[in-house]
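Visitor: Before we start, here is the structure in question, set down as structure tokens.
Bear in mind that the values in this text are calculations on the coordinates, not laboratory data. Bear in mind the structure is a predicted one, so any value in this text is a computation, not a measurement. We place every Cβ from the backbone using ideal geometry, glycine too, and count neighbours over all the protein chains shown.
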Amino acid sequence: MDVVVVMDGPESVAPATDTSFGLAVAAIERGHRCWHCTPADLSVVDGSVWARVRAIRPDAEAINPLGLGGPTDVDLGTVDVVLVRPDPPFDQKYLHLTLVLDLVADATLVVNSPRGLRQANEKLYALRFPDVTPPTVVTADRDRLLAFAVAQEAAVVKPIDGHGGRGVLVVRPGDENAASILDTATVRGTVPVVAQRYLPGVREGDKRILLLDGEPLGAILRRPTGDDFRANICVGGDVEAVELDDDDRRIVDVMAPTLRADGLHFVGIDVVEGHLTEVNVTSPTGLRQLCGLSGTRPDLEVILWLERRAAGRFEPAAGGPTLRSVETDVRVDESAVSPDG
């Protein structure tokens, strides 16, 4: 297959933790051609979407780990898979990217679906599943937020378009800074924020569960370190591979039909104390850590799924010859997986 990864620039890649890098490595391991481009490399010419791409030749030890080749132009309507992987926030540039990729979504497998990405704000999408989320309000009203924090004994306040733990704050009743915190978070009552009941179990860990087509690939537990209540890897949280429990599986079962219907095939959900807190759809992370810590190859599971799904899009009526075929038998050399992913 030809796999185009639309992501941030190569200078952003950290091989040990970068899921996009890991997917490229796994695709090449399976014998596919893998290409890099940024959203700015896309153009629409007479209704066709073109990308200026560079071949990925990954080397985790190199200064430039993607090992990009020279530029070439490709019609995205002729490739097999486009992986949409720019980091959040979902801003105007991200919106425009999804609108452009809509033009090839009927001809090419685009993961995640451009339409689904527009529908699934990573903080608000969880509200579609109220039976598995903690008590939540979304408002710019400071007094309502203060009242919610009192009623819940403490609240976590998040910017709607935030990511990586940025701007996440705890508001506790009786804190003399609470009103000022909320004034700052809401820009003096003009910008809505998400407030959820503070779950004390976050000190024991925030579970990231990676899902592929609504089925779990595995989970890692991120624990806060020091005095910081946030468990995000990018702010220094400790990580270990863990099994899913009954609450996790209940959440996955509730979400799976909606995720599939929205074309959100590769996502990461965050679970604390058996409650769904966020749904990460733009460029979910944790795959490299899951590979390294569990000794399994969920990265190859993703590529095998892409092979089957891409082939299925081109299958003719029963009995006719297939245009593309895929060999799905994979034998993994476990020694090739380093402990750090």
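Visitor: Report, in degrees rounded to the nearest 10, the 0 to 90 angle that the Cα long axis of helix 142-152 makes with the longest principal axis of the chain.
Guide: 90 degrees
Visitor: With all pairs of different alpha carbon atoms counted, what Kirkwood hydrodynamic radius in Å does the chain show? Working shown, then result.
Guide: Details: mean 1/r = 0.0472 Å⁻¹.
It works out to 21.2 Å.
Visitor: Hey, another quick one. Could you give the length gained by full extension between A256 and D73, i.e. 0.36 nm per residue of separation minus their alpha carbon distance, to one decimal place? Don't skip to the end; give the middle numbers.
Guide: On the way: separation 183, 0.36 × 183 = 65.88 nm, distance 3.65 nm.
Gain in length upon complete extension: 62.2 nm.
Visitor: Of the chain, which part is the longest with no GluC sites (Glu not before Pro) in a loop (DSSP not H, G, I, E, B) and with at most 12 other C-beta atoms within 10 angstrom? Please list the in-between numbers first.
Guide: On the way: sites that count: E61, E153, E176, E243, E327.
With a cap of 12 other Cβ atoms within 10 Å, the longest stretch comes to 62-152.
Visitor: When 1/r is averaged over all different Cα pairs and the result inverted, which Kirkwood radius in Å belongs to region 23-162?
Guide: Values: mean 1/r = 0.0553 Å⁻¹.
Answer for region 23-162: a Kirkwood hydrodynamic radius of 18.1 Å.
Visitor: In degrees, nearest 10, range 0 to 90: what is the angle between the Cα axis of helix 246-261 and the longest Cα principal axis of the chain?
Guide: 60 degrees
Visitor: Given springs between every Cα pair under 10 Å in a Gaussian network model of the chain, which of K93, K123, K158 has the largest fluctuation?
Guide: So, out of K93, K123, K158, the one fluctuating most is K93.
Visitor: What nm distance separates the two modelled labels at I63 and T184, each placed 7 Å from Cα along Cα→Cβ?
Guide: 3.9 nm
Visitor: Applying the Karplus parametrisation 6.51 cos²θ - 1.76 cosθ + 1.60 with θ = phi - 60° to the phi angles of region 13-19, what ³J(HN,Hα) value in whole Hz is obtained for each residue in order, glycine and proline being reported as x?
Guide: 7, 10, x, 5, 10, 7, 5
Visitor: Now for a different question. Give or take rounding to whole Å, what are the principal axis extents of the alpha carbon atoms in region 135-198, in descending order?
Guide: Answer, in whole Å and largest first: 26, 21, 18 Å.
Visitor: Hey, with R₀ at 41 Å, roughly what FRET efficiency would D246 and D46 work out to, going by the Cβ-Cβ distance, to 0.05?
Guide: For D246 and D46, the calculated efficiency is 0.15.
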